[in-house]
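Asks: Got a structure here, written out as structure tokens. Questions coming.
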Amino acid sequence: MRVHVLLAASFLLSSCVARADVLSPVGSPWPMFRGNLQRTGRSSQVGPTGVTAARWVFQGSDSIDCAPSIGGDGTVYVGDHSGNLYAIRDGKQLWSYNVGGVIGWSSPTVGPDSVVYVGDWWKGTLYAVAPGGMYRWSFAFSSQIDSPATLGPDGLVYLAAFDGQLYALKPSQDAASLVWSFPVSDTGSEIISAPAFSLDGRTLYIGNRNWQLVALDVATHTELWAADLDAEVDATPTVGENGCIYVGTMGGSLYCLTPNGDIKWQFSATAQEGWQAPIKASPALGADGSVYFATQTGRLYRLAGDTGKLMWVWRSETGEAINSSPLVDANGAAFFGSDDGYVYGIGPDGKLMWQFDACHSTGNWVRSAPAMGADGTLYIATTNGKTYAFGGVVAPARAYGDLNGDGRVTVADVTLLLGYLFAGRTLTADQLKLADVAPPSRSGAPAGDGVVDIGDAVRILRRAAGLDGDPWP
């Protein structure tokens, strides 16, 4: 046994020299705003069907508007108005990084190397923050930014700004360079919308405040078409499996457009309600292709995706604005927050499943869009600086390093981790959490640095061999 351990140790140590820069892939169910590049806002998991209490609550230092994002190991990332980017796991802060300004609606995006991209609205600067809260690089724009950064299928980082431009940056280890920019707004009006990508990644779609949805060819960064709508577009579009693009306007209309830019159908919530019903929140798509969208009149609609026919509409008792983009789970239930301070769960039949007072009693808002973890945990933030986790599967207590759950830390656990790092094998979010043991914890701080890499494998091996003298988490 001892010989096998030492042989494995030799292999691992040589790997450290050759592959020290290898990081685990994200493998996250929600690494960006709306969950994916098509911005569907849909999870493959089932969300909480009943909520009476939060699983955990994290208190930040200031108001939060942006949506949380999730790393491959289950770490939750969110930013606040004091410029703090937080990395949270199980309700505890792993680290934070301050951008020096304000993080507004610019939700964090987690890259394949676990680098987090987040925008500073006040300074108009995009930051790349490495695991552990280490500054990697920043890129300053000529205007403010409030749109979430997007890591495209080509590896470029896309970001829209208040000068009406969409920028494409090429990130590297310690800097980012401008590849191209395009005037999404020919009048230079600010862009709030984030780009959504076609299924093949060749086209991106983004809205502007010139009452348009614009399609760009990603390879040539030229305009394919611009569809004229009935009002400003602050919402981010979503792309269905049929290739159609769905987007809402501040005039209260939800549009369905073909990939060629033709309007397939238009549903007017304003006409339905008899007064102005602006749509700032982004739509979501159910597994059956139906479209969910919310209005600033406190209503949630569900439409048939192919025809735009109304399936049902739900209205909150308060009638306060819904600026939180809804998330739809595998069963067709929808989850979102409201300016009334409640978080809501609405069943696939349009009936209220639950509501939770996140900040109603304190007079604050829930404008953050939710995110959902691999175990169905719902994450959402509030303007009184709190990030909530609801539901999910609570795993039984298990020792760090015990990836196979046999109650011991052995070479078998190291083998599982090596397969994940070098052979593309899958580990669950709980296993990744248990594997994150380096660097050692100190003074009661959480173990790890938010990244699962070869350093964790070495430390688990040392533990298995009885060589690790550091306090074990």
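Just so you know, all these numbers are worked out from the coordinates, no wet-lab data involved. Just so it is clear, the model here is predicted, and its values are computed rather than measured. Here Cβ is always computed from backbone atoms with ideal geometry, including for glycine, and neighbour counts include all displayed protein chains.
Asks: Using the Karplus equation 6.51 cos²θ - 1.76 cosθ + 1.60 (θ = phi - 60°), what ³J(HN,Hα) coupling, rounded to whole Hz, does each residue of segment 223-234 give in order, writing x for Gly and Pro?
Replies: So the Karplus estimates, Gly and Pro as x, are 6, 8, 6, 9, 8, 7, 10, 9, 5, 4, 10, 9 Hz.
Asks: Continuing with this model, one more query. Too long at a 24 Å Cα-Cα cut-off: which of LYS92/LYS351; LYS309/LYS351; LYS123/LYS433; LYS123/LYS170; LYS170/LYS433; LYS351/LYS433?
Replies: From the list (LYS92/LYS351; LYS309/LYS351; LYS123/LYS433; LYS123/LYS170; LYS170/LYS433; LYS351/LYS433), the Cα-Cα distance tops 24 Å for LYS92/LYS351; LYS123/LYS433; LYS170/LYS433; LYS351/LYS433.
Asks: Can you give the angle from 0 to 90° between the axis of helix 454-464 and the longest principal axis of the chain, with both taken from C-alpha atoms, to the nearest 10?
Replies: Roughly 40 degrees between the two axes.
Asks: Shifting gears a bit: Within segment 68-142, list the trypsin sites (Lys or Arg not before Pro) lying in a DSSP loop whose Cβ has at most 12 other Cβ atoms in a 10 Å radius.
Replies: Within segment 68-142, no trypsin sites (Lys or Arg not before Pro) qualify (loop, at most 12 other Cβ atoms within 10 Å).
Asks: What whole-number volume per residue, in cubic angstrom, does the convex hull of the C-alpha atoms of segment 137-226 give?
Replies: Value for segment 137-226: 84 Å³ per residue.
Asks: Would you mind ranking MET134, MET32 by Cβ crowding within 10 Å, fewest neighbours first?
Replies: The order, fewest Cβ neighbours first, is MET134, MET32.
Asks: Taking the simple approach of a point 7 Å from Cα along Cα-to-Cβ for both VAL57 and ALA175, what is their distance in nm?
Replies: 4.7
Asks: Next up: Only loop residues by DSSP count here, and only those with at most 16 other Cβ atoms within 10 Å; note down the chymotrypsin sites (Phe, Trp or Tyr not before Pro) in segment 242-326 that meet that.
Replies: TRP275
Asks: Explain nothing, just the number: relative contact order of the chain, from Cα pairs under 8 Å at least 6 residues apart, as a whole percent.
Replies: Taking the mean separation of contacting Cα pairs over the length of the chain, I get 15 percent.
Asks: Per the Debye formula with a single identical scatterer at each Cα and no solvent contribution, what log10 I(q)/I(0) holds for segment 327-396 at q = 0.11, 0.13, 0.15, 0.22 Å⁻¹?
Replies: -0.25, -0.35, -0.47, -0.93
Asks: When all C-alpha to C-alpha distances in the chain are sorted into bins of 20 Å, what percent of pairs does each bin hold, rounded to whole numbers?
Replies: 25, 55, 18, 1
Asks: Could I ask something else about it? Relative to the first principal axis of the alpha-carbon coordinates of the chain, what is the inclination of helix 411-423, with its axis defined by its Cα atoms, in degrees from 0 to 90 and to the nearest 10?
Replies: The angle comes out near 50 degrees.
Asks: Using Cα centres only, tell me the gap between segment 47-73 and segment 172-230 in whole Å.
Replies: If you average the Cα positions of each part, the centres end up 30 Å apart.
Asks: Mind ranking 282-289, 450-457 by how tightly packed they are, going by the mean number of other C-beta atoms within 10 angstrom, highest first?
Replies: 450-457, 282-289
Asks: Next question, about the same structure. Computed FRET efficiency, Cβ-Cβ of VAL313 and ASN260, R0 35 Å: what is it to the nearest 0.05?
Replies: Here the calculated transfer efficiency is 0.70.
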